[in-house]
Amino acid sequence: QVQLVESGGGLVQPGGSLRLSCAASGFTFSIYAMGWYRQAPGKARELVATITAPTITTPSGRTNYADSVKGRFPISRDYSKNPVYLQMNSLKPDNTGVYYCTADRGGISYWGQGSQVTVSS
């Protein structure tokens, strides 16, 4: 059974940091691209960051980011333990939303249940 379980969300003040984790199981993690999406209240779900599966030329995977989070939200993955991380730094109120972990390969996509992140003073 495929499972993606997010953790690490919560309430944080503007300028603070959080690290989201996504534990993956039930599929071959290392061959899937992984990503994080955010859905803010009343808005559509949007891409935050993705990281591809490793290749010979890119053994750590290639990353892609929404312009709004470039330089602040590095994404990484641990191939030995199967989680994928999103380190969120210098958080702003408009980063508030539910963050979803995704796994994608060849048109097959899996989604987690989401983790709430609230940035507020």
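The values are calculated or read from the model by the stated rules, or taken from the named source; none is laboratory data. As the structure is a prediction and not an experimental result, all values here were calculated from the model. Cβ: placed from backbone, ideal geometry, glycine included. Neighbour counts: every protein chain shown. Surface accessibility is based on the protein's heavy atoms, side chains included, excluding ligands, DNA and RNA. Shrake-Rupley method; radii C 1.70, N 1.55, O 1.52, S 1.80 Å.
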- Query: With charges set only on the Cβ (+1 for Lys and Arg, -1 for Asp and Glu), what does the dipole of the chain come to about its Cα centre, in debye to the nearest 20?
  - Reply: 120 debye
- From the Cα gyration tensor of the chain, with a ≥ b ≥ c the square roots of its eigenvalues, which class applies: rounded if a/c is under 1.5, or else prolate if a/b is larger than b/c, or else oblate? prolate
- Spatial separation of Cα centroids for the stretch 1-63 and the stretch 66-99, in angstrom: 7 Å
- Computed over the Cα atoms of the stretch 1-61, what is the convex hull's projected area averaged over all directions, in nm²? 5.9 nm²
- Item | Positive dipole terminus of the chain, leading residue within 114, 68, 23 (C-beta point charges) | 68
- Task: For the stretch 15-121, state which trypsin sites (Lys or Arg not before Pro) are in a DSSP loop and have at most 10 other beta carbons lying within 10 Å of their beta carbon.
- Result: 43, 81
- The answer for the stretch 1-113, accessible area per residue at 1.4 Å probe in Å², is 54 Å²
- Item | Gained length - residue 63 relative to residue 13, 0.36 nm times residue gap less alpha-carbon distance | 15.3 nm
- Given just the C-alpha atoms of the stretch 34-97, how large is their convex hull per residue in cubic angstrom? 88 Å³
- Query: Residue-wise, which Karplus ³J(HN,Hα) couplings in Hz belong to the stretch 31-47, taking 6.51 cos²θ - 1.76 cosθ + 1.60, θ = phi - 60°, and x for glycine or proline?
  - Reply: 9, 9, 6, 10, x, 10, 10, 10, 10, 7, x, x, 10, 6, 5, 9, 5
- Note on the structure: Quick P(r) readout (the stretch 77-116; Cα-Cα; 5 Å bins; whole %) gives 6, 16, 21, 26, 18, 10, 4
